[in-house]
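The values are calculated or read from the model by the stated rules, or taken from the named source; none is laboratory data. All values reported here derive from a predicted model rather than from experimental measurement. Counting neighbours? That spans all protein chains shown, and the Cβs are built from the backbone with ideal geometry, glycine included.
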Amino acid sequence: MTRPVTRATFLSGLIGLGALATAPDAHAARNSDAETYVQTNATAALAALGNPNASSTQRQQQFQRLMTQFADMQRIAIYVVGRYRGSLVEDTALRREWQETFQAFAIATYEDQFENMSGAAVRVVGSEERTAGRDVVVDSQVRPPRGEPMRVQWRVLRSDNGWKVTDIAVGRDGVWLGQIQQRQFLAQLDSNRGDIRALMTDLRGRTTTMRQRIMARS
Amino acid sequence: MRGLVSIMVLAACLAAPTIASAQEAPGDVSAAASSDPWEGFNRGLFSVHQAVDGAVLEPVARGYRVATPRLFRAGVSNFLRNLKSPVIFANDVLQGEVNRAGATVGRFAINTTLGVAGIFDPATSMGLERHDEDFGQTLAVWGVPSGPYIFVPLFGPTTLRDGAGQIVDVALDPLTYADFDDADTVRAARGIISGIAQREALIDQIDSFEAQGGDLYVTYRSAYEVSREAAIQNGRVDVQDLPDFDDIDEAPVTNTPNGGASAEAIQQQPDQIQEAGNSVALKEAIALPKSKQD
C-alpha cells in the first residue's frame, strides 16, 4: 500500500534539497600573504574614515596617506581611461597631471561616499590567485556599524613596492567598481574626442564640490 | 528600477574607438561595452523618468523609509522576494544551476513556514544564501547577446534582451494565473509595493550617484551594465577573465587633495603629506586585453 506523502515529509524533502545546495565548492589556490595585507590595511583605512580623536584635517590626511599606500592609484589612473591611455603614455607631464587629478578625485569620492563605512569590521574569508604570488583576488565580509554585512572582493597586485589594491568588487555578485569608473570615463572621453584635459577640468570641479561637502559635514 | 542595485552590468557590441588616437588597452572592459545606439531617445526617456521620480517615486520612497521601521521594511522585502521564488527556481533550472535551484526550493520551504509566509528569512542564517535569477540572465547564459540598452521610465535601465526576459518572467510567475476574488487587486498591490520597496532600497545608491556629479545617465548605464554582467555570472567570475593592469613602476604622486583646483575653492591644509620621488617610468607593456566579452 502506498503511503501518502505528508506535508511534513514533503517539507523535509525540500529542506534536504536545500541543504545539498550548501555543499562547499572546491577552492582554488589561496594566498595568505595577500589575505593578511588586505585584512590589516582595509581595517586601518576604514577606521581612519571615522577616527573620533582626529580633526577633520588630520582625518583627511591620514586617510589619504593610507589610501595612497593601500591602493595603487597610479595604476588605477591609467586603467580607468582604457583605450585613451595612449596620450598618457606619450606625454609624461600629462600623465602626471592626470594621475594627480584622478587620485584627488578618487580619494574625495571614497571619503564622501564611504563615511558610513567608518569603523566597519573586515573579515577576510578567502582568496584566489590569478597569477601565483603576484595577482590575487581576496574575498572578505565587511560589516558596517549600521546595516547588513556585505561581500567585498579586493584585487591586489604585488610589485617591487609590495601588495597594492587595484580594484574592489562589492555585493554578492561582485560588481567591480573600477570597471564602472572606466565606463563612465570612456563615455565622457568618447563624447569629447578623447580630451583628457577636459575630463580633468570636470573632475577638479567635482572634487571641489565633494571636498566642500566633506568639510561642511565635519 | 529593478536591477539597478542588483545594480549594478555588459553588452555585446564592440564600440569602435571614436578617435584615431584611441587604442586598445589592457583591461579595457569597454571592448565588450556599451551598446547604446538609441542614446538620444533613451536620454529623453531618462529625463521623463527623472521628473517622475523626483515628483512621485522618491518622495514616496523617502516617506516609506521615514514612516516605517527598518525591521518592517525588511519583512516586506523578504515577503516580496519569497513570492519571486518560483520564477527564480524556474530560471535556476533553465540555466542548469542544480545547487542554486536546490537552494531556492529550500529557502522557499523554510521561509514560507518557519519564516511566517516569507516575512522572515531564517534560511539565510541556515546557510542558504539568497540569490536572484531572471529570464534575461537565462538568455545570457544561453548565449543571447544583450542587444541595445534601453531606459524605461519607472522601471529603469534594461536591454532588449533583459526587457523581453521580464515579460517571460511574468509568464513564469504562478501569481499571474491565480484566480480568486480580488486577484487583480493583489497583483496590482504587489507591483506597487514592490516599486516602492525597491526605490526605497535604492535611495542611498542614487544619492551616491548624484553626489559624485558627472553625467547621471552614463552613471546609471555604466553601473547597470557592469552589475548585470556580474549577476549573469552569479558572482563566479573566473579570475583569469579579469582585466589586465598596465605594468607600471612609478612613485606615488604628490598629494593634491583638490586635484589642482583653485586654492580659494577649498581650504588647503598646510602640512600635506609629501610622498617621496616623482620620477615616472611607465613601462609600456601593452599586452592584448583579456577583457571579458558578453
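Examine the range B:56-76 for a residue that is surrounded by 20 or more Cβ atoms within 10 Å (Cβ to Cβ) and in contact with a Leu (Cβ under 7 Å, 6 or more places away or on another chain), and state whether such a residue exists.
No, the range B:56-76 has no match at all.
Taking the stated definitions as given, is A:I196 of a type outside the set (S, T, N, Q), more than 7 Å from chain B (Cβ to nearest Cβ) and out of contact with any Pro (no Cβ under 7 Å at 6 or more places or on another chain)? Even if it seems obvious, please write down each step before you answer.
Numbers: of a type outside the set (S, T, N, Q): yes; more than 7 Å from chain B (Cβ to nearest Cβ): yes; out of contact with any Pro (no Cβ under 7 Å at 6 or more places or on another chain): yes.
For A:I196, the condition - of a type outside the set (S, T, N, Q), more than 7 Å from chain B (Cβ to nearest Cβ) and out of contact with any Pro (no Cβ under 7 Å at 6 or more places or on another chain) - is met.
I'm trying to understand the selection: among the residues of the range B:57-98, which are outside any helix (DSSP H, G or I) and either under 14 Å from B:D121 (Cβ atoms) or of a type in the set (V, I, T) (or both)? Before the answer, list the steps.
Looking only at the range B:57-98, we keep the residues that are outside any helix (DSSP H, G or I), and these are B:68-69, B:84, B:95-97.
Across the range B:57-98, the qualifying residues are B:T68, B:K84.
Could you please give the count of residues in the range B:166-179 that are under 15 Å from B:L83 (Cβ atoms) and assigned to a loop (DSSP other than H, G, I, E, B)?
Going through the range B:166-179 one residue at a time, the tally reaches 2.
Collect the residues in the range B:109-139 that are under 17 Å from B:L83 (Cα atoms) and not in a loop (DSSP other than H, G, I, E, B), keeping them in residue-number order. Please lay out each step first, then the result.
Just the residues of the range B:109-139 that are under 17 Å from B:L83 (Cα atoms), to begin with: B:109-124, B:128-135.
Answer for the range B:109-139, where residues must be under 17 Å from B:L83 (Cα atoms) and not in a loop (DSSP other than H, G, I, E, B): B:A109, B:I110, B:N111, B:T112, B:T113, B:P122, B:A123, B:T124, B:F135.
From A:R193, A:R134, grab the single residue that is in contact with a strand residue (DSSP E or B) (Cβ under 8 Å, 6 or more places away or on another chain), of a type outside the set (V, I, T) and modelled with pLDDT under 95. Steps first, please.
Details: A:R193 fails: in contact with a strand residue (DSSP E or B) (Cβ under 8 Å, 6 or more places away or on another chain).
Matching residue, one of A:R193, A:R134: A:R134.
Going by the conditions given, is B:G106 small (G, A, S), in a helix (DSSP H, G or I) and crowded, with 22+ Cβ neighbours inside 10 Å?
Working: small (G, A, S): yes; in a helix (DSSP H, G or I): yes; crowded, with 22+ Cβ neighbours inside 10 Å: yes.
Answer is yes for this residue.
Out of all the residues in the range A:199-218, which are among the hydrophobic types (A, V, I, L, M, F, W, C) and either touching a helix residue (DSSP H, G or I) at 6+ places or on another chain (Cβ under 8 Å) or at the interface with chain B (Cβ under 7 Å from one of its Cβ atoms) (or both)?
Filtering the range A:199-218 for residues among the hydrophobic types (A, V, I, L, M, F, W, C) gives A:199-200, A:203, A:210, A:214-216.
Those that are among the hydrophobic types (A, V, I, L, M, F, W, C) and either touching a helix residue (DSSP H, G or I) at 6+ places or on another chain (Cβ under 8 Å) or at the interface with chain B (Cβ under 7 Å from one of its Cβ atoms) (or both): A:L199, A:M200, A:L203, A:M210, A:I214, A:M215.
Any residue in the range A:105-124 that's more than 12 Å from A:P144 (Cβ to Cβ): show its pairings with residues that are charged (D, E, K, R) at Cβ separation under 7 Å, as long as the two are six or more apart or on different chains.
A:F105/A:R206; A:A108/A:R211; A:D112/A:R213; A:V124/A:E35
To keep it simple, each residue is scored yes or no on (1) in contact with a Pro (Cβ under 7 Å, 6 or more places away or on another chain); (2) at pLDDT 95 or above; (3) within 20 Å of B:G235 (Cβ to Cβ).
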site	(1), (2), (3)
B:V87	no, yes, yes
B:R107	no, yes, yes
B:L139	no, yes, yes
B:L160	yes, yes, no
B:A178	no, no, no
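Would it be correct to say that A:S127 is crowded, with 19+ Cβ neighbours inside 10 Å and in contact with a Gly (Cβ under 7 Å, 6 or more places away or on another chain)?
Working: crowded, with 19+ Cβ neighbours inside 10 Å: yes; in contact with a Gly (Cβ under 7 Å, 6 or more places away or on another chain): no.
No, not satisfied.
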